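Presented below is the structure to which this report refers.
The values are calculated or read from the model by the stated rules, or taken from the named source; none is laboratory data. Note that the coordinates shown come from a computational prediction; the quantities given were computed from them, not determined experimentally. Using ideal geometry, Cβ is built from the backbone for each residue, glycine included, and neighbour counts are taken over all protein chains shown. The accessibility values were calculated without ligands, DNA or RNA, using every heavy atom of the protein model including side chains. Shrake-Rupley method; radii C 1.70, N 1.55, O 1.52, S 1.80 Å.
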Amino acid sequence: MPNPYSTILRTPGAARRLLAVLLSALPLGMLSLTIILSVQEWTGSLRAAGTISALFGLGNAIGLTVQGALMERGGERGLLLVTGTSCAVALAMFTTVGVLDGPLWALAVLGLTGGTCVPAITAAARGWLPLALTEPAERSASYALLAALFQTAVAVGPLLLSLALLLHGPVLALALSATAILAAVLVFALPRDERRGPDTSAADVEPPRARRVDPERRAARRSRLSPGMLTILCAEALGGIAVGATGVAVPAAMDSAGRPVLVGVGFAALACGEVLTALIIGARSIPTHRRMILPLALAGCAFSALLVLLSAASPGLLVLAMMILGASTAPATLAKSALLDVVSTADAVARGYSQLVAVSLISAAAGSALAGQLSDALSPLGLLVVPVASLGLAAAWTASRMRTLG
């Protein structure tokens, strides 16, 4: 059996789109923390730094949702070029205002603008893949590869930030982020596909399956969420709360155990577990689009979160439990992505994926805030109950609504 990844990379246009995903995700792993460090350096206020970073995250969630809806109407090449260029310009202006001791309100406006204009390249690539790949095995592998590239880039982002801090400070990290975003949109949007005419790219062509959808049905899908999409988005919201709470609880547990230096190792293990498992699933062509996979995968995530809780007192075991949690997260992530093909029309996949990411960002922030508020009243063990409960609810929710995913 041929390697599905080799087949995907030989598909015209696939390699450059996946490279663009990698480049566009690098800044996402570093910009929030970079903004905090930059604003704190310029103003001396951690509160202002946290607020502006939160505005950037809020803008990112809003921008992804709006871009996903616009992509459904076509013309994503132009959209990505405009948003990517605008994001890079906003980051450049943000840096200039900060270095020149400009007003705080200007930094806030530019932070929100930069977040809103982050180009939805991953969503665009996710909407294109099922149209370019006809074999189910290839599609499954492509979703795994997409998730692995995105997660790898997000994990590498903080390492680039650390390097930038050593060389020049957070300003260099802002410049690297703007450069990566510009490079990503140029790689994604400018080249033409070999199989198209000289004046048309795959991104500008209406998806073949979309043409066969009844117009009234397409209008109805635009105006409301399908039951299956609602199921997936609610599951993503509960999973995002678990992610945010874990991001607060695990450092607290490591600090309580006297090994705060292992915090980075633990989250690196989480990322490695997710990336490796995603690649294995894709290579073996496991059918993650089947509706029973999602509740089972989420139940596995809840069990792995329980292992993290039980290992909290032992930093070494906690690192291992974090890798197991990452490995169990991959099937759930791939199942939610693959099920978009089932619960959405072909022209709405990019919009659905952007909504999924936006909900993930907002719910993770809510989970972090919740855990932060509870940190004075609960021990690290108590905080780790939150992701277990949230993932358990997600598994129960999807199991009760499994018929909507058919």
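A protection proxy built from the mean count of other Cβ atoms within 10 Å ranks the segments 118-128, 70-80, most packed first, as 118-128, 70-80. Relative contact order for the chain: 26 percent, from Cα pairs under 8 Å spaced at least 6 residues apart, divided by residue count. Here the dipole of the chain is about 1100 debye; that uses its Cα centre as origin and unit charges on the Cβ of Lys and Arg (positive) and Asp and Glu (negative). Taking every alpha-carbon pair under 8 Å whose residues sit at least 6 apart, segment 1-66 reaches a relative contact order of 20 percent. Please calculate how many Å² of accessible area the chain carries per residue, with a 1.4 Å probe and no DNA, RNA or ligand atoms counted. Per residue, the chain has an accessible area of 43 Å².
When Rg and Dmax of the Cα atoms in Å is computed from the coordinates, the matching label among (1) 20.8, 64; (2) 24.7, 108; (3) 24.4, 78 is (1). Dipole of the chain (Lys/Arg Cβ +1, Asp/Glu Cβ -1, origin at the Cα centre): which of Leu309, Met71, Met93 lies farthest to the positive side? So the residue furthest toward the plus end is Met71.
Sorting 22-34, 311-323 by their mean Cβ neighbour count within 10 Å, with the most densely packed peptide first, gives 22-34, 311-323. All C-alpha to C-alpha distances of segment 257-406, sorted into 5 Å bins beginning at zero, yield P(r) values of 2, 9, 14, 20, 22, 15, 9, 5, 2, 1, 0 percent in whole numbers.
Each helix, a run of at least 4 DSSP H residues, gives -39500 (n - 2.57); summed and divided by the residues of the chain, these come to -26500 deg cm²/dmol at 222 nm. Of Gly127, Thr34, Ala175, which is farthest towards the positive pole of the chain's charge dipole, taken about the Cα centre with +1 and -1 on the beta-carbons of Lys, Arg and Asp, Glu respectively? Result: Gly127. Give the residue from Val275, Leu294, Gly84 lying farthest towards the positive end of the charge dipole for the chain; charges sit on Cβ (+1 for Lys and Arg, -1 for Asp and Glu) and the dipole is referred to the Cα centre. Comparing the listed Cα positions along the dipole, Leu294 ranks first. Counting only whole DSSP H helices of the chain, the ones at least 24 Å long by C-alpha along their axis and with mean Kyte-Doolittle hydropathy no lower than 0.5 are 46-71, 76-99, 136-167, 170-189, 227-256, 263-283, 293-310, 315-343, 349-374. In a simple Cβ point-charge model (Lys, Arg +1; Asp, Glu -1; nothing else charged), segment 1-143 has a dipole of about 280 debye relative to its Cα centre. In the complete set of protein chains, residue-level accessible area for Thr404 is approximately 20 Å², probe 1.4 angstrom. Left without a cysteine partner by the 4.7 Å Cβ rule in the chain: Cys234, Cys272, Cys301.
Solvent-accessible area of segment 226-322 (1.4 angstrom probe, protein heavy atoms only): carbon and sulfur portion equals 73 percent. For segment 269-406, the dipole from Cβ point charges (+1 on Lys and Arg, -1 on Asp and Glu) about the Cα centre works out to 420 debye, to the nearest 20.
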